[in-house]
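Below: the structure, in structure tokens.
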Amino acid sequence: MSKPGGPALQAQDILKILVLVSGNGTNLQALIDAEKAGRFGRGRISLVISDREDAYALTRARNAGIRSLAETPGPKLPGPERREALSGRILAQARAEGAGLIILAGFLSILQGDILEAYRNRIINIHPSLLPKYGGKGMYGERVHKAVLAAGEKESGCTVHLVDEGTDTGPILLQRRVPVLEGDDSESLAVRIHNEEHQAIVEAAVMMIERLTH
């Protein structure tokens, strides 16, 4: 795997991790807990950025002593310009922090522009389906689970993948599967998948930290 974008690591350097969030932050909490348990080796979560000022994930970061801030999309800009402007501000923060890895942990904004090249193969995202099924524009949260149920799928799960210029199209790092049970609704299926997400995002983070520090 190539390593453009982040700072070059020396033998004992710490790999700084930027986590991007939008909501409650349970996946962020899983990452925080894994780091505290010593699973991240030379990796450290050094900054959390939310695209929503009221995201509880920011409180989780502060409670853990991690620097956090909000970078909200410009409401007056058209969609593509809004996404690129937000991505540019996040890139500036990542570079200023010296981040070597970016983790999207329930981040609903779509990254585009220079950040995708600057951090090529250093941005990972978790998605609540077994990609390539039920991914792409507009497929997030409850919409994914409703689509899975409507299609009569026998299993679902979550996927952690590298981020590229597409939406949910980057190379897959790992997947975790759950059965779709008789009587499931979108809420019950979501709960089961969330439990797998917490494990999957930690496993993928550990995988990336090892790749980028060896």
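The values are calculated or read from the model by the stated rules, or taken from the named source; none is laboratory data. Note that this is a predicted model, so its numbers are computed, not measured. Note that each Cβ is placed from the backbone with ideal geometry, even for glycine, and that neighbours are counted across all protein chains shown.
Give me a count of the residues in the stretch 1-51 that are part of a loop (DSSP other than H, G, I, E, B), among the basic types (Lys, Arg) and at pLDDT 95 or above.
The number of residues fulfilling the criteria is 2.
Among the residues of the stretch 134-147, count how many are touching a residue at least 12 places away in the same chain (Cβ under 8 Å), part of a loop (DSSP other than H, G, I, E, B) and not aromatic (Phe, Trp, Tyr).
Of all residues in the stretch 134-147, those touching a residue at least 12 places away in the same chain (Cβ under 8 Å) come to 134-137, 139-142, 144-147.
Then drop every residue that is not part of a loop (DSSP other than H, G, I, E, B), which leaves 134-137, 139-141.
Imposing the further condition that a residue be not aromatic (Phe, Trp, Tyr) reduces the set to 135-137, 139, 141.
So the count comes out to 5.
Identify, please: which residue in the stretch 12-33 is of a type in the set (S, T, N, Q) and touching a helix residue (DSSP H, G or I) at 6+ places or on another chain (Cβ under 7 Å) and is, among those, nearest to ILE201 (Cα to Cα)?
The residue in question is ASN27.
Residue-by-condition table, conditions (1) within 20 Å of ASP168 (Cα to Cα); (2) assigned to a helix (DSSP H, G or I); (3) not charged (D, E, K, R):
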site	(1), (2), (3)
LEU58	no, yes, yes
GLY74	no, no, yes
PRO80	yes, yes, yes
ARG83	yes, yes, no
ILE103	yes, no, yes
GLN112	yes, no, yes
LEU116	yes, yes, yes
ILE124	yes, no, yes
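Could you tell me whether any residue of the stretch 21-44 is touching a strand residue (DSSP E or B) at 6+ places or on another chain (Cβ under 9 Å), over 23 Å from GLU142 (Cβ atoms) and of a type in the set (Ser, Thr, Tyr)?
Within the stretch 21-44, not a single residue is touching a strand residue (DSSP E or B) at 6+ places or on another chain (Cβ under 9 Å), over 23 Å from GLU142 (Cβ atoms) and of a type in the set (Ser, Thr, Tyr).
Identify all residues within the stretch 136-168 that are at pLDDT 95 or above and either within 15 Å of the chain's Cα centre (by Cα) or buried (at least 20 other Cβ atoms within 10 Å of the Cβ) (or both); write none if there are none.
VAL144, HIS145, VAL148, SER156, GLY157, CYS158, THR159, VAL160, HIS161, LEU162, VAL163, ASP164
Name the single residue, out of those in the stretch 81-101 being at pLDDT below 95 and more than 15 Å from LEU116 (Cα to Cα), that is surrounded by the fewest Cβ atoms within 10 Å (Cβ to Cβ).
Among residues in the stretch 81-101 that are at pLDDT below 95 and more than 15 Å from LEU116 (Cα to Cα), the one surrounded by the fewest Cβ atoms within 10 Å (Cβ to Cβ) is GLU81.
Yes or no: the stretch 34-51 includes at least one residue that is without any contact (Cβ under 8 Å) to a residue 60 or more places away in the chain, aliphatic (A, V, I, L, M) and closer than 14 Å to MET208 by Cβ.
There is at least one residue in the stretch 34-51 that is without any contact (Cβ under 8 Å) to a residue 60 or more places away in the chain, aliphatic (A, V, I, L, M) and closer than 14 Å to MET208 by Cβ.
Being modelled with pLDDT under 95 and either more than 18 Å from ARG211 (Cβ to Cβ) or more than 14 Å from the chain's Cα centre (by Cα) (or both): is that true of LEU108 here?
yes
ASN121: under 30 Å from SER156 (Cβ atoms), modelled with pLDDT of 95 or more and buried (at least 23 other Cβ atoms within 10 Å of the Cβ), yes or no?
no
Which pairs turn up if I take residues in the stretch 181-193 that are under 14 Å from MET139 (Cβ atoms) and look for partners that are in a helix (DSSP H, G or I) and modelled with pLDDT under 95 with beta carbon separation below 8 Å, at least 6 apart in sequence or on another chain?
Here the result reads SER186/GLU142; ALA190/GLU142, each pair linking the stretch 181-193 to a residue that is in a helix (DSSP H, G or I) and modelled with pLDDT under 95.
When you scan the stretch 126-136, do you find a residue that is of a type in the set (Lys, Arg) and farther than 18 Å from ASN195 by Cβ, even just one? Spell out the reasoning first.
Step one: of the stretch 126-136, the residues of a type in the set (Lys, Arg) are 133.
Remaining after also requiring farther than 18 Å from ASN195 by Cβ: 133.
There is at least one residue in the stretch 126-136 that is of a type in the set (Lys, Arg) and farther than 18 Å from ASN195 by Cβ.
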